[in-house]
1. Can you compute 3J(HN,Hα) from phi for each residue in segment A:79-85, using the Karplus curve 6.51 cos²θ - 1.76 cosθ + 1.60 with θ = phi - 60°, rounded to whole Hz and x for Gly and Pro?
2. Considering only C-alpha atoms, what is the centroid distance from segment A:154-205 to segment C:152-200, in Å?
3. Residues of segment A:131-164 with backbone nitrogen within less than 20 Å of a virtual label 7 Å along the Cα-to-Cβ line of residue A:193, please, listed as ranges.
4. Apply the Karplus parameterisation 6.51 cos²θ - 1.76 cosθ + 1.60, with θ equal to phi minus 60°, to every residue of segment D:89-99 and state each ³J(HN,Hα) to the nearest whole Hz, in sequence, with x for glycine and proline.
5. Relative to the other copies, what are the label-point distances for residue A:209, with labels 7 Å from Cα along the C-beta vector, expressed in nm at one decimal and sorted shortest first?
6. Sequence neighbours fewer than 8 away in the same chain don't count; with that in mind, list the lysines whose C-alpha is under 18 Å from residue C:60.
7. Once amide H atoms are placed 1.01 Å from N in the peptide plane, what residues at a sequence separation of 5 or more from residue C:88, or on another chain, have their amide H within under 5 Å of its amide H?
8. List the distances, in nm to one decimal, from the label point of residue D:194 to the label points of the same position in every other copy, shortest first, placing each label point 7 Å from Cα along the Cα-to-Cβ direction.
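The values are calculated or read from the model by the stated rules, or taken from the named source; none is laboratory data. Because the structure is predicted, anything quoted here is derived from the model rather than measured. A quick note on method: Cβ atoms are made from the backbone with ideal geometry, for glycine too, and the neighbour counts reach across all protein chains shown. SASA here: full protein model, heavy atoms, side chains in, ligands and nucleic acids out. Shrake-Rupley method; radii C 1.70, N 1.55, O 1.52, S 1.80 Å.
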4 protein chains.
Amino acid sequence: MTDRVPPSPRDEDFSAHRMGAFADAVLAIAITLLVIEIKRPEGEDLASPHALAEFLWHEKASFVAFVLAFFLLWSVWRRHHTLIDEVDRLDRATAASHAPLLLLAAFLPFPTAIFGHAPDNKLAACLFAATAAALFGCEAVMKEFAWRRAILKPGVDRSKIRMSAGASVSVTVVFAVTAGLVWVTPWIWFIWFFAPLAAYFGGKLSERIRPDVIDRAPERQAEQMAQTRT
Amino acid sequence: MTDRVPPSPRDEDFSAHRMGAFADAVLAIAITLLVIEIKRPEGEDLASPHALAEFLWHEKASFVAFVLAFFLLWSVWRRHHTLIDEVDRLDRATAASHAPLLLLAAFLPFPTAIFGHAPDNKLAACLFAATAAALFGCEAVMKEFAWRRAILKPGVDRSKIRMSAGASVSVTVVFAVTAGLVWVTPWIWFIWFFAPLAAYFGGKLSERIRPDVIDRAPERQAEQMAQTRT
Amino acid sequence: MTDRVPPSPRDEDFSAHRMGAFADAVLAIAITLLVIEIKRPEGEDLASPHALAEFLWHEKASFVAFVLAFFLLWSVWRRHHTLIDEVDRLDRATAASHAPLLLLAAFLPFPTAIFGHAPDNKLAACLFAATAAALFGCEAVMKEFAWRRAILKPGVDRSKIRMSAGASVSVTVVFAVTAGLVWVTPWIWFIWFFAPLAAYFGGKLSERIRPDVIDRAPERQAEQMAQTRT
Amino acid sequence: MTDRVPPSPRDEDFSAHRMGAFADAVLAIAITLLVIEIKRPEGEDLASPHALAEFLWHEKASFVAFVLAFFLLWSVWRRHHTLIDEVDRLDRATAASHAPLLLLAAFLPFPTAIFGHAPDNKLAACLFAATAAALFGCEAVMKEFAWRRAILKPGVDRSKIRMSAGASVSVTVVFAVTAGLVWVTPWIWFIWFFAPLAAYFGGKLSERIRPDVIDRAPERQAEQMAQTRT
């Protein structure tokens, strides 16, 4: 980046840095608002340690939902952080694809609250899984766009972004499938805690089944670099 | 920027970067707080998937209002981001014009909540449209100030900011007109989803009807640059 | 700053930039949370435009309190922004003085809610004024520390920070005095909207009555610069 | 940092800057959300200054809890800020150890609310102390990782991070011990206000009892630097 004149801003271009800052803010707020959804004890619940303990035990699903949603959003942030570290400028499509991603991240406290208050309600579990599936689906689409069109920093291995998109697809599949399975199997949501494993193996898998796409990528990158220079 | 000594801070000057960071934070928080306004199901609503489905269907206007307000604030952020990318230092007037803009952005969750709970109440719809109109009106004023007085980064095409102000004016007009129309026509709020089209054509239109203003701009810019250098 | 090797971090030193970012975040959140304190209409209030209009009129003090608290926090942010623009590194005392400032800023939504719901309750008005007075008092102390001990950026006029501290003192006095006057005079809170005038004249005034202090400042600054270099 | 080519991003590496920005955001939001937990006066409580005063006095524990939790989170931020000022790039373990730290910080408003509403309930006090102990324990672990594996900025004294970890351990011990003591002694929570003293002396103490560890550290650092250069 140091060896060329910085390109003057263009309509379709978007500094990756500030998009990262905005996504940081939305994700940090959504992650911190989750705690508001846990019901506070009142009146009788506070009368004795025993009553409070009973209240906390009764609300146990809220704590599970809090931790689960925290790690979902954390993983979105963590992967987004890595992506922005690798990208120099965003094109219009990658930038636009942030809108549904952040919309769903901001919406997540709602299904989390419902699931935390009624974990046995199948629609509540389905709603949570469906929101998570949509969230990770958007993430996969965003990375797909970034991989095809964003201008990467020099020295970044483009195939890593493709692998990361594969990881997002796997997690999407896990949540989409369990959104259906909740209707027939109880306790299926235990699987959600193993989503990181799906991300890991999904990334590996995508490396194998999409080798053909690699070839065209560097040329497109070079082409884009050339366009920005001029 | 690299070829001259950075100007020492002045009273009337304001680094654009941190104004961007503050606006980011306020908009990100407002956008994420919107989810709090959606009513949570309680007691009976959670008893069965059917009861929950009925509750969600009953609250459908809240979801529409959430998505609508999300995209309004997102579009404000998106355009503000582009503006800050192009501006080097803010003058006092442009900085001050952020106060009403952010006040209205921070206020938006209130009319959104009312509209989401009572979409058929004409005053609720009017209040939402009026707040949005005021918000975009402030945006137009801010860009007008930025276009006249802010110090742009080198290589930025000043006419783009004027066009962007034209887009804001168009969206303002759409919301101001519908704030009146809600009193005579139901379902008029469907138009709000097409505000981006108004922004697009409004920008194009402003290019035609204000060509005279272009001429004086570059001289003023050069003059300002000269002032900062000294 | 460009003509010397960057000093290695020291215990007592604190990069001004990130303190600014944290203060930005706290102030932005406090300013955006204010809207939560406005009561939402429910049930009957939403039945007709007329009922809603009556509700909004009944809550009018909440809107006044919202706008008032918004501009208080905005003015704190605006002046803090200017200060951080001028400071290179914070000493330990200036950094520590941020804690009560941000504590009071984060607390402001509470007296704002009470004042908004019961503007005629003298204790409510007194609490609001007292919180504001404490907030601006902390601001004055922070600037006093910054003026004495923080390492300024080269080319910054140190006397400007002193003047800014004078402005904070004036606003503090206005709120402290009205915190007492609310007990004897109704509607005294109208004065709060003119606090910016107090800031303006207070700054001017402090220039006159504290000329003696100017002399010792530059030497201390030079001394500090020398310490950092070694 | 200026005398070497910036290393290209690696999988295990993480720019410290943005982790700082995200932690800033989460901590700033958690610190500002605390005020929401203080109960608002309603109806009768607002009828007269006397009724309001009684209400405020009745809720006094909420204010104490607010101030206490504010300073806990402030101290976490303050020490994290210092750490990030010293670190150049984070390794995978240090980055991952932020997740439980931020989870607990985001969770703190919950036990704060309970403790504020029922300070005499021993389980409430125990829950608050236990959450704080876990929070500072995570902080200690994170610093331990940073000390062993993160790549520091040139010129930073590595032993300072070890001392800082010692301070965190001491505060953890204070909260863990009082989490037990609340069951046998009332008013024990006064000790929590003296946690900063524990941090101070704990840091000093750790310098003495862990001198052996110092020796291996610089070599590991050098080794890491060498790895990044290549």
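1. Couplings: 6, 5, 4, 4, 4, 5, 4 Hz.
2. Distance between centres, Cα-based: 56 Å.
3. Counting only backbone N, you get A:132-133.
4. 9, 8, 7, 4, 5, 5, 5, 5, 6, 6, 4
5. In ascending order, 5.4, 5.5, 7.7 nm.
6. Within reach: C:39, C:122.
7. Sorted by chain and number, the residues that satisfy this are C:151, C:152, C:153.
8. Values, ascending and in nm: 5.1, 5.1, 7.2.
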